[in-house]
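The values are calculated or read from the model by the stated rules, or taken from the named source; none is laboratory data. Computed from a predicted model, the values in this text were never measured in an experiment. Backbone-built Cβ (ideal geometry, glycine too); neighbour counts: all protein chains shown. What goes into the accessible areas is simple: the full protein's heavy atoms, side chains included, and nothing from ligands, DNA or RNA. Shrake-Rupley method; radii C 1.70, N 1.55, O 1.52, S 1.80 Å.
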Amino acid sequence: APDSPRLEVADLDLDLWLSADHTRILRLDEDEFEASGLREREPETAARAEAALEELAAMAHRGGFAELLA
């Protein structure tokens, strides 16, 4: 439905995986992020991508992503 909450992100080669029971949080594809050359081409964008991943990880540690969909 158009009015339902949703989350949209651009894929910058960094992924955060949260298990269904919220007990495991994994950072994925950090090697692909390094290999992409983004850090060299666009260091500011790379830094923002890493900061966003940190923020998502902090949200996950606080109890999942419910606050994103509230």
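Taking the criterion of being among the charged types (D, E, K, R), free of Cβ contacts under 8 Å to residues at least 12 places away in the same chain and outside any loop (DSSP other than H, G, I, E, B), the residues of region 21-54 that qualify are ASP31, GLU34, ARG39, GLU40, ARG41, GLU44, ARG48, GLU54. Beta carbons closer than 8 Å, at least 6 apart along the sequence or on distinct chains, never pair a first residue in region 58-69 that is under 19 Å from ASP15 (Cβ atoms) and open to solvent by 90 Å² or more (accessible area, probe 1.4 Å) with a second that is assigned to a loop (DSSP other than H, G, I, E, B) and modelled with pLDDT of 85 or more.
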